[in-house]
Amino acid sequence: MEKAAVTAQGFRHRRLLKRSAVHLLLACFAMPLFAKTPNAEELKALVIKSENELCFTAQESIFTLEIPGLEASKLQASLQTLPDGIQFLSSRRDIYFDDARLESGTRLQLFFSFSKTGTITIPPLTVTIANRRYKIPFQTVTVYENLETLNPKLTVTLSDELQHQIDSKGILHVPAGSEVQFSVAVRFCVQLVKFSWQLPKNAIFRELTRNDIANGAFFGKSFSPETHELATFSWTPLTEGMCTLPDISITAVAYNGMKKNIALPQIAVSVEKNAALAASAKQSAPTTVREQTVLASADFQTAFEAATAPATGEDDESASREPFVVDCKLLSELRSAERNSFPFDKSRRLRAEYEAKAQLSAPKEARVRIAQLFYALFALSCVLIVLLALKKHVKRTAVTVALAVGLLVLSIHWTLKLAPEYAIFTGGKLMTIPEEQATSTHIEQAGERVRILETAGSWVYILTAESGGWVREGALYRIR
């Protein structure tokens with residue numbers, strides 16, 4: 001018994017020694033983890049880094065501060081007053097371990113949301129360590145518009161010489177007859193579908209170079225801020241006055257999958273008198289040469305051969321006409337008349353002629369009279385079925401029933417075609433939500449035939465050929 005007691009006591013001593021050795025070993029490894037509090041110089045060198053490679057509006061952005069050697073309980077942090085466009089959401093504090101350096105520290109994560117785009121720097125974070133305050137800066141980030149509402153952008157780049165000719169109001173001043181060279185580029189799109197322009201009046205316009213991507217490129221579904229140059233142009237205005245750069249536009253697929261029509265930003269141009277050109281004109285014989293002949297690129301010369309034909313009085317008259325202004329109210333009345341007309345009525349031809357002048361195209365209106373005609377024939381066939389049934393004409397009754405079913409199907413078909421409500425839009429922005437300050441999804445031209453899907457107070461949700469959005473009721477002329 002005494003020997004067994006001694007053996008048990010020896011086991012207890014060995015067990016206590018093992019536990020002590022393990023605790024000592026853990027303490028030795030734990031000592032470098034929180035070896036010392038960082039000094040002032042080390043704290044001043046810290047930066048709160050963004051964990052997001054790309055930041056977007058209306059999306060959570062995370063910023064992280066790691067302070068090695070500091071216990072989480074010894075850190076106090078406070079934010080300064082944030083400027084407009086930056087919203088603080090929440091924060092999280094924990095301990096991190098660096099296996100490579102065998103050290104630990106405190107990690108502080110701050111969550112923000114941005115409502116404005118651009119290069120943004122959040123005001124420094126004030127941290128208190130050992131009763132001393134330090135200001136730690138945030139990493140500067142570039143915030144882009146949320147991909148759900150981000151539209152492709154068409155940009156124009158002028159030469160350095162022309163940049164110096166832009167005044168404080170953003171107006172470019174050029175002498176009449178002088179050449180203006182500029183390049184056009186696109187960004188923020190998945191795919192380029194179409195690249196086109198309108199030939200300007202009273203000017204010489206030609207394409208100098210064109211990149212392969214201008215012929216319809218796929219840039220990839222992943223977001224990229226990269227700018228892709230499409231082409232360079234030469235534009236020589238010949239008459240004095242105020243104008244803009246030539247009308248250049250693209251059709252591109254946005255990151256939200258929708259096709260967008262994007263126009264070149266309008267740069268106001270003041271074409272001024274050219275003294276050298278005026279002196280040369282005095283010396284030359286007085287002739288009526290049509291100076292607005294346009295030199296297009298080789299791909300488009302064939303399409304515009306008529307523009308280089310000798311000038312006639314009729315051509316000069318058409319060239320001097322003002323751009324056609326669409327009367328949206330008149331167009332809605334024409335379409336309403338077409339909708340309520342009989343087949344072979346002239347109302348459809350009048351509407352088509354007007355839209356051709358306005359360079360608009362839209363589907364024909366479904367006619368109410370045709371649906372009424374099918375319903376009348378269906379009702380007549382039902383009466384005929386009853387009469388034939390009373391006279392016991394079985395075969396004729398069966399044929400009339402089949403005819404009545406066909407008329408009923410046609411009546412229902414035309415009723416469904418007439419069910420959607422349409423209107424003529426006066427043009428402008430389409431909003432994502434029914435609010436004046438909401439983000440615009442698309443800009444539509446005046447005279448577009450749109451479908452009305454929903455009404456909320458004075459706001460109406462419309463669907464166009466390319467997009468959809470909310471507009472004011474006053475911007476629509478309904479087709480009755």
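The values are calculated or read from the model by the stated rules, or taken from the named source; none is laboratory data. Bear in mind that the values here come from a model prediction, so they are computed numbers and not experimental data. Neighbour counts run over all protein chains shown; Cβ positions are idealised from the backbone, glycine included. SASA here: full protein model, heavy atoms, side chains in, ligands and nucleic acids out. Shrake-Rupley method; radii C 1.70, N 1.55, O 1.52, S 1.80 Å.
LYS74: which lysines have alpha carbons under 25 Å from its alpha carbon, excluding same-chain residues fewer than 8 sequence positions away?
Correct list for LYS74: LYS36, LYS44, LYS49, LYS135.
Pop a pseudo-label 7 angstrom from the Cα along the beta-carbon direction at both ILE95 and ASN52 and give the gap in nm to one decimal.
3.1
Between the stretch 180-197 and the stretch 200-276, how far is it from one alpha carbon centroid to the other, in angstrom?
If you average the Cα positions of each part, the centres end up 6 Å apart.
Tell me, what is the per residue accessible area of the stretch 420-480 in Å², probe radius 1.4 Å?
48
Of all accessible surface on the stretch 338-465 at a 1.4 Å probe, what whole percent is carbon and sulfur?
Here it works out to 64 percent.
Given a cut-off of 23 Å, name the pairs among LYS116/LYS194; LYS201/LYS346; LYS153/LYS259; LYS153/LYS221; LYS169/LYS273; LYS116/LYS153 whose C-alpha atoms lie farther apart than that in the structure shown.
Numbers: LYS116/LYS194 30 Å; LYS201/LYS346 35 Å; LYS153/LYS259 13 Å; LYS153/LYS221 16 Å; LYS169/LYS273 20 Å; LYS116/LYS153 17 Å.
Those over the limit are LYS116/LYS194; LYS201/LYS346.
Count neighbours as other Cβ atoms within 10 Å of each site's Cβ, and list the trypsin sites (Lys or Arg not before Pro) in the stretch 171-276 that are DSSP loop with at most 14 such neighbours.
Details: sites: ARG187, LYS194, LYS201, ARG206, ARG210, LYS221, LYS259, LYS260, LYS273; in loops: LYS201, LYS221, LYS273.
Counting only loop positions with at most 14 other Cβ atoms within 10 Å, the trypsin sites (Lys or Arg not before Pro) in the stretch 171-276 are LYS221, LYS273.
First check a/c for the stretch 36-112, with a ≥ b ≥ c the square roots of the eigenvalues of its C-alpha gyration tensor; if it is under 1.5, answer rounded, and if not, answer prolate when a/b is larger than b/c or oblate otherwise.
Cα axes put the stretch 36-112 in the prolate bin.
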